[in-house]
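Comments concern the structure below.
The values are calculated or read from the model by the stated rules, or taken from the named source; none is laboratory data. Remember, it's a predicted structure, so these values are computed and weren't measured experimentally. Because the Cβ atoms are built from the backbone with ideal geometry, glycine has one as well, and the counts that use them run over all protein chains shown. For accessibility, only protein heavy atoms count, side chains too; no ligands or nucleic acids. Shrake-Rupley method; radii C 1.70, N 1.55, O 1.52, S 1.80 Å.
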Amino acid sequence: MFKRLLPDRIVHTVYDIDLNELHAQGIRGMITDLDNTLVSAKTPLATPQLIGWLDLVRERGFQVVILSNNNDTRVGRFAAPLNLPYIPAARKPAGAAFRRALRQMKLPPERTVVVGDQMLTDVLGGRRAGLHTILVTPIAPAEEGWATQINRRIEKIALARLRKKGLWPEEGGSRHGSK
């Protein structure tokens, strides 16, 4: 069970994702979480730095879809100025929203990566859907809601077990070497 929580790669922020490496691997789609992945949960709009990064992602030929468990008001207000497609109330780790994002991009799972800050929603959901996964450090964990705080406690237990078994990749590392 805990192996399904293993991300393919761990980075500190989205800005640390090696876009050239992803492109070389044939990745052309990015499904990204919103809160604590792109901005803090209390940040209503994209920062200038994030806008620049998203422009670079799209210039490099990647499609981007925001997939969030948050409501339509929050996600829509964030995504609309960026002209990004989004799926709110995704119910991650359930697979339906991941499949919907793949259909929107017209891409197969093996050409798509999920980027998020939670093992129990983003990584587990992405792995169950056959997607590559990248785990980022949460931007502002102090701002998280009660459900996410419960998830973080479970993640701590899983992380301890995975580290004990020598399975957890270090930040910037890959669990598959080439992934």
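List of remarks:
- When only Cα pairs below 8 angstrom with a gap of at least 6 residues are kept, the chain shows a relative contact order of 34 percent.
- Compactness of the range 6-149 - radius of gyration and Dmax, Cα, Å: 13.5, 39
- For the range 95-102, 3J(HN,Hα) per residue [Karplus equation, 6.51 cos²θ - 1.76 cosθ + 1.60, θ = phi - 60°, Hz, x = Gly/Pro]: x, 4, 5, 5, 5, 5, 5, 4
- What a 1.4 Å probe finds exposed on the chain is 53% carbon and sulfur by accessible area, rounded to a whole percent.
- When both bridge partners sit in the chain, DSSP labels roughly 5% of those beta bridges antiparallel.
- Cleavage-rule hits (trypsin sites (Lys or Arg not before Pro)) in the range 19-66: DSSP loop, at most 15 neighbouring Cβ within 10 angstrom: Lys42, Arg60
- Relative contact order (%) - the range 21-87, alpha-carbon pairs under 8 angstrom, separation at least six: 36
- Think of a 1.4 Å ball rolled over the protein heavy atoms: the chain then has 50 Å² of accessible area per residue.
- Interchain or long-range residues, amide H under 5 Å from Gln63's placed H: Gly29, Met30
- Taking the helices alone, the chain has a mean residue ellipticity at 222 nm of -10000 deg cm²/dmol, built from -39,500 (n - 2.57) per DSSP H run of at least 4 residues and averaged over all its residues.
- Inter-label distance for Ile150 and Lys106, nm, one decimal - labels placed 7 Å from Cα along Cα-to-Cβ: 4.1
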